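The values are calculated or read from the model by the stated rules, or taken from the named source; none is laboratory data. Only a predicted model underlies this, so the values are computations on that prediction, with no experimental measurement involved. Don't worry about glycine lacking a Cβ; one is built from the backbone with ideal geometry, like all the others, and counts go over all protein chains shown. Surface accessibility is based on the protein's heavy atoms, side chains included, excluding ligands, DNA and RNA. Shrake-Rupley method; radii C 1.70, N 1.55, O 1.52, S 1.80 Å.
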Amino acid sequence: MRVWKKVLSGVSVGICSLALAAIVGGASVDAASLAVSAFTVDYDKQQLTIKDTTQKEFYVSIPTVTTKVDKTTQETVTTVTAKAWDIYDAPAGIAIVDLSFIKPAKEAYIMIKGSGPDTAAKVVSKEDPVMIHFEPSATGVKPVYDAVNDTVSFTDAKKNPIEGKKFQFRSEYGTWADYGATVSLKEHAQQGTTVYFREKYEDATTKQAKAFSAALNPASVVGGYTTFAASHFAGAEAKIKITKLANGPSVKVDYVNKTFTVPIGSEYRFNYATSWKAVATDETGKKPVPVQLSEIAAKTGAVDAGILEARVAADTVKNKAASRFTQAKFNAVVHPNAGTVASGKITALTDTTAVKTDVQNVAVGATAATQELCFAYDYNEKTGAYTNLVATNLSTEKSFQIVVSDDYVKLADVASLNSAKVIATVKAAASLEKPTVTKIAVKNVSGKYIYVRYMADAKKQVWSSDYKSAGKADLPNVK
């Protein structure tokens with residue numbers, strides 16, 4: 001129990017140590033000072049615990065400590081003045097002293113003494129005081145957040161870097177935790193918030209919140225008093241504003257050319273890759289180069305369903321972190337099979353057989369077991385001539401585009417046909433009973449090689465496929 005009494009006010013002691021003896025109960029004897037092991041400081045709770053089972057009371061004062069140069073001797077003189085003493089009742093030899101009144105940024109001293117040994121014969125005088133010296137915490141601490149690298153640096157009031165200090169941090173309503181190189185604050189940027197920092201009470205010399213010892217709390221003499229060194233309390237709070245991440249960039253998807261257009265200054269990745277790739281620019285430096293879907297395709301052109309993510313790149317000049325992600329999910333690219341029909345199935349054409357195959361004997365389908373697009377020659381009985389190449393689409397889901405080439409194009413080079421003029425589009429059928437029939441004039445196809453692909457459909461998020469050979473338009477008796 002703490003008993004608030006004020007005794008021995010106005011005691012002043014110079015550079016020489018004076019044994020302060022108070023008269024209690026009419027008796028007076030000398031006694032030894034309290035040892036370093038009698039003290040424990042909990043810097044987090046801001047409490048001092050005094051423990052000495054030979055004592056029944058402890059006396060605590062907040063002295064004024066001044067240092068001046070003697071004008072006559074030019075020597076530095078330290079004066080300690082204890083203005084008042086608080087008495088702490090300690091029947092078990094233990095007392096707890098609240099230290100929350102200490103201002104962390106200022107140097108502070110606490111003077112302590114015990115009541116002396118208690119004997120059956122008499123109550124004796126208080127023993128010689130000792131002091132505890134609390135270091136000041138750093139002042140003017142300013143945390144600076146590097147949003148690009150997700151690190152915090154600290155400067156003092158003169159904007160000099162602070163080295164060798166330990167810091168703690170907390171969110172707006174969180175609890176204090178140690179800050180270090182492994183701590184990440186970037187999660188706070190998702191919504192943006194304020195983060196608070198303070199210098200930790202434990203300094204580089206590891207004067208921790210534990211019982212004092214000669215190693216952690218060395219003794220010196222200040223104004224004639226044995227003085228034990230202590231650390232400082234947590235410093236004043238300083239805050240930083242972590243800005244909310246900017247929105248992600250716009251992404252345009254071209255289902256015909258199988259590309260994504262992402263703005264300059266952005267970066268992208270496919271399918272959650274660990275690394276990001278910067279968007280390239282054209283020769284003018286003013287337009288982005290479209291990102292090709294083929295970046296993730298095998299040589300066969302196969303592309304499974306996946307996702308492209310884009311973000312505005314981090315800006316070291318403006319100290320801006322990378323933005324939120326913009327996602328563009330995409331379906332797999334489906335390629336048609338073109339080949340000869342045998343027993344209701346499509347036998348895929350190869351570079352060897354495609355040149356020799358008449359398009360009239362070829363069907364196109366999504367799989368080897370389906371037939372969606374078929375070709376036939378339109379014969380005019382009156383003239384005895386073949387006037388059209390007829391393309392019939394049985395699919396209710398897919399539309400087709402048709403191009404022709406004077407020369408045969410091998411499977412490995414079909415990408416060159418992407419820039420060829422589409423001579424016919426065969427829309428998806430209205431129903432199985434009403435297939436779409438498109439006629440192509442003989443003069444446009446006779447003797448040429450026919451190539452077909454699935455037509456892009458942005459609404460259905462369907463990519464255009466690679467062109468596949470449907471054979472040669474080898475019309476007989478052309479007039």
Worksheet entry | Expected-Rg normalisation [2.2 N^0.38 Å, Cα atoms] applied to segment 136-179 | 1.23
Worksheet item: With +1 on each Lys and Arg Cβ and -1 on each Asp and Glu Cβ, how big is the dipole of segment 136-259 about its Cα centre, in debye rounded to the nearest 20?
Response: 200 debye
Worksheet item: Semi-axes, largest first, in whole Å: what does sqrt of 5 times each Cα gyration tensor eigenvalue give for segment 217-280?
Response: 63, 14, 8
Worksheet item: Which Cα, out of W276, P218, N257, lies furthest along the positive dipole direction of segment 138-286 (beta carbon charges, K/R +1, D/E -1)?
Response: P218
Item to complete: Determine the share of the chain's accessible area contributed by carbon and sulfur atoms, expressed in whole percent, with a 1.4 angstrom probe.
Response: 52 percent
Worksheet item: Using a 1.4 Å probe, what is the accessible area per residue for the chain, in Å²?
Response: 54 Å²
Worksheet item: Taking the mean number of other Cβ atoms within 10 Å as a proxy for protection, how do you rank 179-191, 235-247 from highest to lowest?
Response: 235-247, 179-191
Discussion item. For segment 255-317, compute the orientation-averaged projected area of the C-alpha convex hull (one quarter of its surface), in nm².
Written reply: 5.5 nm²
Worksheet item: segment 429-479: Rg/Rh from Cα coordinates, Kirkwood Rh?
Response: 1.08
Practice prompt. Would you check the accessible area of S419, probe 1.4 Å, heavy atoms only, in square angstrom rounded to 10?
Written response: 110 Å²
Fill in: Given charges at Cβ of Lys, Arg, Asp, Glu: the chain dipole, positive-most of L417, V130, A234
L417
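Could you estimate the translational diffusion coefficient of segment 147-228 from the Stokes-Einstein equation, with Rh from the Kirkwood formula over C-alpha pairs, at 20 °C and 1.002 mPa s, in whole µm²/s?
137 µm²/s
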Worksheet item: Which value in Å does the Kirkwood hydrodynamic radius of segment 333-441 take, with 1/r averaged over all unlike C-alpha pairs and then inverted?
Response: 14.9 Å
Response to the item:
Interchain or sequence-distant (5+) residues whose placed amide H lies within less than 5 Å of the amide H of A105 are S137
Worksheet item: Two-decimal Rg/Rh of segment 51-188 from alpha-carbon positions, Kirkwood Rh?
Response: 1.15
Discussion item. In 10 Å bins starting at zero, report the fraction of Cα pairs in segment 164-284 per bin as a rounded %.
Written reply: 10, 23, 20, 17, 13, 8, 6, 3, 1, 0
Worksheet item: If you wrap a convex hull around the Cα atoms of the chain, how much volume per residue is inside, in Å³?
Response: 242 Å³
Worksheet item: Where nothing but the Cβ of Lys and Arg (+1) and of Asp and Glu (-1) is charged, how large is the charge dipole of the chain around its Cα centre, in debye to the nearest 20?
Response: 1360 debye
Worksheet item: Any idea which of V41, I102, Q55 is furthest toward the positive side of the dipole for the chain, if Lys and Arg beta-carbons carry +1 and Asp and Glu beta-carbons -1?
Response: I102
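Just order 64-71, 407-414, 44-51, 258-265 by mean Cβ neighbour count inside 10 Å, highest at the front, would you?
With the highest mean Cβ count within 10 Å placed first, the list reads 258-265, 44-51, 407-414, 64-71.
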Practice prompt. Name the long-range amide H neighbours of Y386: under 5 Å, sequence gap of 5 or more, or other chain; modelled H, no Pro or chain starts.
Written response: N380, K479
Worksheet item: Okay, helix-only estimate at 222 nm for the chain: each DSSP H run of n ≥ 4 adds -39500 (n - 2.57), divide by all residues, round to 500 deg cm²/dmol; what do you get?
Response: 0 deg cm²/dmol
